[in-house]
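Pasting a structure below so you can have a look.
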Amino acid sequence: MGNCVSFSYSCDQTVDRIIRCLCGKGYIRNLKRNLKVLEREMEDLKAIQDELQNKIAREEETQHQQRLKAVQLWLTRVESIDIRFNNLLHTSPVQLQKLCLCGLCSKNICLSYKYGRMVFLLLEEVKILKSEGNFEVVVQPSLTSDVEERPTRPTIGQEEMLEMAWNRLMEDGVGFMGLHGMGGVGKTTLFKKIHSGFAEIAGRFDVVIWVVVSQCTKISKLQEDIAQRLHLCDEAWKNKNEFDKATDIHRVLKRKRFVLMLDDIWEKVDLEAIGVPVKN
């Protein structure tokens, strides 16, 4: 006696699956053509992106102007798609080598079908983004300073110092001001009071940024804190190196009237490496 397990799989079903892969939307059959079209569409999309960014740069230079959220969202989507496009393009030579029978079939149908489908879907997204990239208005007035409120306690015995520091800071031509002293004398409390003062003069500055430096803080961490206040942190930002992040920060800040407040500094901070425009 013995046990026997028997099973069968219809050859017709296998053939049907292969035919569906080869036909349908032609992910494999049209792979070469779709890749070429995708490259052309991406070139057009990047050109629209460059023109839009130049337009924003010109109009943001006007006082109290800031880009529309819809415009920034579109730019963020373009950057995200550009990353996906480059990844697909990087693997295209290997994927094209899998094609056979004059490009009608593949040595690995499943992988080629999956890759071809990603190319096709990305092409559709690029076309949609192109159609949405025609912005007549890209900026809007910024009526109030972008200042985050911070809890503060009374500056007992520091009123004269606060007044002197504030008046000095408001003088024309003053680009830097430092508060220094031994730990525990109330520098941070005084700093917070100055920070709150900017909320009371809405419109004079476009953005006020508070960053805690502390000991052994890396440039990337300072860039991250500044980028959060400038609304630069998106998926594309995470994949950039320190130099590219510095370029983005510099591009935004050079067109703004900004205040950067660095608390708890222990050593010299390289503002240029971070991307902060250095004033005289």
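The values are calculated or read from the model by the stated rules, or taken from the named source; none is laboratory data. Worth saying up front: this structure is predicted, and the values here are computed from it rather than measured. Positions of Cβ are generated from backbone atoms using ideal geometry, with glycine treated the same way; all protein chains shown enter the neighbour counts.
Can you say whether V211 is over 29 Å from I83 (Cβ atoms), in the same structural domain as V174 (by TED's automatic domain parsing) and at pLDDT 80 or above, as far as the supplied structure shows?
When the stated conditions are applied, V211 does not pass them.
A follow-up question, please. Take the residues of the stretch 188-208 that are surrounded by fewer than 18 Cβ atoms within 10 Å (Cβ to Cβ) and modelled with pLDDT of 75 or more: which is farthest from L253 (Cα to Cα)? Step through it out loud before you land on a result.
At the first step, the residues of the stretch 188-208 found to be surrounded by fewer than 18 Cβ atoms within 10 Å (Cβ to Cβ) are 188-189, 196-197, 199-205.
Okay, now just the ones that are also modelled with pLDDT of 75 or more, so 188-189, 196-197, 205.
On the way: T188: 24, T189: 26, S196: 21, G197: 21, F205: 11 Å.
Per the stated criteria, the residue is T189.
Anything in the stretch 18-57 that is part of a helix (DSSP H, G or I), modelled with pLDDT under 90 and loosely packed, with under 12 Cβ neighbours inside 10 Å? List them, or say none.
Result: I19, R20, N54.
Within the stretch 120-140, does at least one residue satisfy the condition of being outside any helix (DSSP H, G or I), among the charged types (D, E, K, R) and either modelled with pLDDT of 80 or more or within 27 Å of E59 (Cα to Cα) (or both)?
yes
Same structure again: Taking the conditions exactly as written (under 26 Å from the mean Cα position of the chain (by Cα), surrounded by fewer than 18 Cβ atoms within 10 Å (Cβ to Cβ) and not in a helix (DSSP H, G or I)), does S220 satisfy them or not?
no
Can you name every residue in the stretch 193-217 that is over 29 Å from the mean Cα position of the chain (by Cα) and without any contact (Cβ under 8 Å) to a residue 60 or more places away in the chain?
Matches in the stretch 193-217: K193, G197, E200, I201.
Also, quick follow-up: Is it the case, given these coordinates, that Q66 is crowded, with 16+ Cβ neighbours inside 10 Å, outside any helix (DSSP H, G or I), not charged (D, E, K, R) and not assigned by TED's automatic domain parsing to the domain that holds L230? Reasoning before the result, please.
Details: crowded, with 16+ Cβ neighbours inside 10 Å: yes; outside any helix (DSSP H, G or I): yes; not charged (D, E, K, R): yes; not assigned by TED's automatic domain parsing to the domain that holds L230: yes.
Yes.
I would also like to ask the following. Select from the stretch 119-143 the residues that are surrounded by fewer than 16 Cβ atoms within 10 Å (Cβ to Cβ) and not β-branched (V, I, T) and list them in ascending order.
Within the stretch 119-143, L121, E124, K127, S131, E132, N134, E136, Q140, P141, L143 meet the criteria.
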